[in-house]
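Single-structure report; data block below.
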Amino acid sequence: MSEQPQTWHYGLIARWWAEFNGPDPDELAFYRSVIEVDGQPALDLACGTGRLLLPLMSAGLDVDGCDISSDMLALCWAAAAREGLSPRLYQQAMHDLHLPRNYRTILICDSFGIGGRRDQDAAALRRCYDQLDSGGMLVFSHYLPHYDPRRWSYWLPEQRQQLPEAWQEAGTRKRAANGDEIELRARVVNLDPLEQRLTLEMRAELWREGRLEEQEQRLLVETLYFRNEIQLLLLNAGFADVSSLTAYSGEVPTPNDTFLVFKARK
């Protein structure tokens with residue numbers, strides 16, 4: 001197996017995703033409609049803790065899940081068991097994708113370009129192409145590099161002198177179902193505009209009855225892509241009928257849009 005992507009979706013951060021990250025209704029409705037139109041079975045690639053996977057399964061759709069993080073998948077299994085669901089889950093990186101059945105639809109929600117290198121991202125799209133039936137659809141959401149003005153400012157040399165950012169004095173703290181409190185804070189460590197690579201660091205803390213019980217720090221490396229780059233990557237991977245839409249409205253993107261959905265048919 002090739003070098004694995006670097007993400008922070010483990011430990012306390014995985015638990016945060018399971019406890020507090022639910023699907024947006026528009027997002028869930030969009031992916032459900034895509035699967036209903038383009039066909040089943042479907043694959044939720046980078047499914048995490050099942051934020052989309054489990055509601056889609058509960059709606060009666062035939063959807064498998066795949067993620068690189070064993071911690072996220074374990075939490076997905078636990079949530080599925082509580083709901084009486086039995087998903088097919090696979091632990092694989094996108095660029096190593098090799099599953100026992102093909103799909104009519106593959107979805108990737110907010111995860112393309114996270115953790116890996118450019119060659120791995122290109123390989124991931126080729127793997128998706130191979131994993132689809134003829135006529136199958138790949139659909140995924142993607143934030144453009146300028147969606148966050150603060151991070152976008154670090155493309156300027158004088159702004160990058162401020163990196164790495166200082167840690168915030170306080171992060172975002174939420175109470176879990178068992179009474180534990182988890183606090184997250186994130187910072188930009190580096191941005192390389194030549195390679196279009198962003199390095200982020202997350203600090204996660206577990207608080208119990210006012211005492212700090214655990215602390216973790218993890219890095220996430222993200223390759224930044226503009227719209228035309230992704231469309232070229234999809235064409236080079238073999239896809240046809242490649243399009244981009246304003247997420248999740250289905251409208252033609254404008255220069256003011258920074259969050260897109262890409263659709264590509266095999």
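Please treat every number below as a calculation from the coordinates, not as lab data. Keep in mind that what you see is a predicted model, and the values were worked out from it rather than measured. Cβ sites come from the backbone with ideal geometry, for glycine too, and all protein chains shown count toward neighbours.
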> Suppose every K and R has +1 on its Cβ and every D and E has -1 on its Cβ; what is the size of the dipole of the stretch 149-222 about the Cα centre, in Debye to the nearest 20?
Replying inline: 200
>> With n ≥ 4 as the cut-off for DSSP H runs, can you work out [θ] at 222 nm for the chain, using -39500 (n - 2.57) per run divided by the number of residues, rounded to the nearest 500?
In response: -8000 deg cm²/dmol
>> Please list, by residue number, everything in the stretch 98-125 whose backbone N is under 17 Å from a paramagnetic label point 7 Å out along Cα→Cβ of Asp133.
In response: 99-107
>> Need the C-alpha centroid separation for the stretch 187-245 versus the stretch 132-149, integer Å.
In response: 14
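Taking neighbour counts of Cβ atoms within 10 Å as a proxy for exposure, in what order, fewest first, do Asp26, Asp133 appear?
Ascending Cβ contact count within 10 Å gives the list Asp26, Asp133.
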> Using the Cα gyration tensor of the stretch 1-121, with a ≥ b ≥ c the square roots of its eigenvalues, what is the shape: rounded (a/c below 1.5), prolate (a/b larger than b/c) or oblate (neither)?
Replying inline: oblate
>> Shape verdict for the chain, please, from the Cα gyration tensor: rounded (a/c under 1.5), prolate (a/b greater than b/c) or oblate.
In response: oblate
